[in-house]
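Enquirer: I'd like to ask you about the structure that follows.
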């Protein structure tokens, strides 16, 4: 997609045709469910996942601290609500929404005023964020909800989170193109990570090189990342330490970039100069089953069926000899797009759903042109070792297609000098 400059600030934008497609689809679903208006509240938490619906509908948003809300009626003008609204979200930065209103941090009050203007005192009002794929307790702030409920005591409030998930799950060609750009940026970042992954380099420096590669290529904040560096890595942690790496360490990191808020993801482990032979065995077996798993991920395949497939593949690996004897496989799949995209498929090595969101979605089918991160894990029988690897994929009639271009399997960094990071750190080196 060619970037279209705004009147003053040349942020990349989706087209008006994309706006019209989204609005038409959401309004079709509103008519189906008898909803007069949708309220998408502000909450920039969890890397802005929790206000993805507001940005999806209004095209307002971007940056780690931007709180955006949206009132989306079945008929009438769409309203964006923000703080510093006119300066940041008016025609200088976006051309989707004309009615941009100042909240001065009182989002619920301003959204309620708009609902009353629309004459919706006794209608069915859909609210995004009363639940969520990863947030069963919801994401709307108590004060925002109270302001709405107090202003419209005769209205019926219902949860429209799933309605927006339904609209957002099938991606348009414009959305897929943006996600492809995000994948391309991630791959460049992992190249930078690999160059920096040398003995003696502090883990936080390797992380910084990775992040720098993202932002030099135009990624927005916020982006999600988890990170761990260890000779036998387990669960990823929330941030790097400052421990100098040693040969044989393996970095496992979930890396995303954000393009107009759309975040693809990869997880491609990097070994520092050399790798434990058991992890290499797991890596090779993983590379063998990954294409077969993607082949099963076709339109209409359910979450339950894909879980059955990873169990089958894990049992096949487990019939091998040596380090792979008794091996098991687990699976993580979740949507890629603006934020908390459905489904959340996450199993244990024993093939049990690990979240209630997985249990709720077992019969849910994957649609054509859905985009997901697919990251199976292979475990040794004693669970001491595991190898996880994943790419963002697009579901097509002939199976899911990788959006990344890099090879499957473990990356081993070549021994080469890497110097020049700041040494005046005040961070504990433990």
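Every number here is computed from the coordinates shown, using simple stated rules; none is lab data. Note that this is a predicted model, so its numbers are computed, not measured. Neighbour counts are summed over all protein chains in view; Cβ atoms, including those assigned to glycine, are modelled from backbone coordinates with ideal geometry.
Enquirer: Tilt of helix 142-151 relative to the longest C-alpha principal axis of the chain, in degrees (0 to 90, nearest 10)?
Expert: 20
Enquirer: Could you order the peptides 325-338, 362-375 from most to least packed, using the average number of other C-beta atoms within 10 Å per residue? Could you put the intermediate results ahead of the total?
Expert: On the way: 325-338: 22.1, 362-375: 18.7.
Ranked from most to least packed, the peptides come out as 325-338, 362-375.
Enquirer: Then there is this: If we count other beta carbons within 10 Å of each Cβ, what is the order of 60, 275, 70, 128, fewest first? Kindly include the intermediate steps, with their values, before the conclusion.
Expert: Numbers: 60 24, 275 21, 70 28, 128 31.
Ranked by crowding around the Cβ, least crowded first: 275, 60, 70, 128.
Enquirer: Rounded to the nearest 0.05, what FRET efficiency is calculated for residue 312 and residue 172 with R0 set to 35 Å and r the Cβ-Cβ distance? Before the final figure, lay out the partial values.
Expert: Details: r = 33 Å, r/R0 = 0.96.
Result of the calculation: an efficiency of 0.55.
Enquirer: Distance from the Cα centre of the stretch 238-287 to that of the stretch 107-129, in angstrom?
Expert: 46
Enquirer: Quick one: grab the alpha carbon gyration tensor of the stretch 4-47, order the square roots of its eigenvalues as a ≥ b ≥ c, and give me rounded if a/c is under 1.5, else prolate or oblate depending on whether a/b is larger than b/c. List each step's numbers first, then the result.
Expert: Values: a/c = 3.19, a/b = 1.49, b/c = 2.15.
It comes out oblate by the Cα gyration axes.
Enquirer: Okay, helix-only estimate at 222 nm for the chain: each DSSP H run of n ≥ 4 adds -39500 (n - 2.57), divide by all residues, round to 500 deg cm²/dmol; what do you get?
Expert: Dividing the helical sum by the residues of the chain leaves -10500 deg cm²/dmol.
Enquirer: Could you work out how far helix 16-33 tilts from the main Cα principal axis of the chain, as a 0 to 90 degree angle to the nearest 10?
Expert: 80
Enquirer: Under the definition of Cα pairs under 8 Å and six or more residues apart, what whole-number percent is the relative contact order of the chain? Don't jump to the answer; show the numbers that get you there.
Expert: On the way: 975 pairs, mean separation 60.3, N = 430.
That works out to 14 percent.
Enquirer: When 282, 163, 221 are ordered from fewest to most other Cβ atoms inside 10 Å of their Cβ, what list results?
Expert: Details: 282 26, 163 20, 221 15.
Ranking 282, 163, 221 by Cβ neighbours within 10 Å, fewest first, gives 221, 163, 282.
Enquirer: Only counting other Cβ atoms within 10 Å, I'd like 168, 217 sorted with the fewest neighbours first. Present the calculation step by step, with values, prior to reporting the outcome.
Expert: Working: 168 24, 217 16.
Arranged by neighbour count, lowest to highest, 168, 217 become 217, 168.
Enquirer: Could you calculate the FRET efficiency of residue 237 with residue 106 from 1/(1 + (r/R0)^6), where r is the beta carbon distance between them and R0 is 41 Å, rounded to 0.05?
Expert: Details: r = 37 Å, r/R0 = 0.91.
About 0.65, to the nearest 0.05.
Enquirer: Please determine, in degrees from 0 to 90 and to the nearest 10, the orientation of helix 107-117 with respect to the longest principal axis defined by the Cα atoms of the chain, where the helix direction is its Cα long axis.
Expert: For helix 107-117, the angle is close to 40 degrees.
Enquirer: Continuing with the same structure: How would the chain be classified by its alpha-carbon gyration tensor: rounded, prolate or oblate, with rounded meaning a/c under 1.5 and the a/b versus b/c comparison settling the rest?
Expert: Values: a/c = 2.17, a/b = 1.56, b/c = 1.39.
It is prolate, given that a/c is not under 1.5 and a/b is the larger ratio.
Enquirer: Further, regarding this structure: First check a/c for the stretch 1-136, with a ≥ b ≥ c the square roots of the eigenvalues of its C-alpha gyration tensor; if it is under 1.5, answer rounded, and if not, answer prolate when a/b is larger than b/c or oblate otherwise. Before the final figure, lay out each step's value.
Expert: Working: a/c = 1.42, a/b = 1.32, b/c = 1.07.
It comes out rounded by the Cα gyration axes.
Enquirer: While we're looking at this one, here's another question. Rounded to the nearest 5, what is the percent of antiparallel bridges among the DSSP beta bridges in the stretch 6-140? Intermediate values should be presented prior to the final figure.
Expert: Values: 8 of 15 bridges.
Here the antiparallel bridges make up roughly 55 percent for the stretch 6-140.
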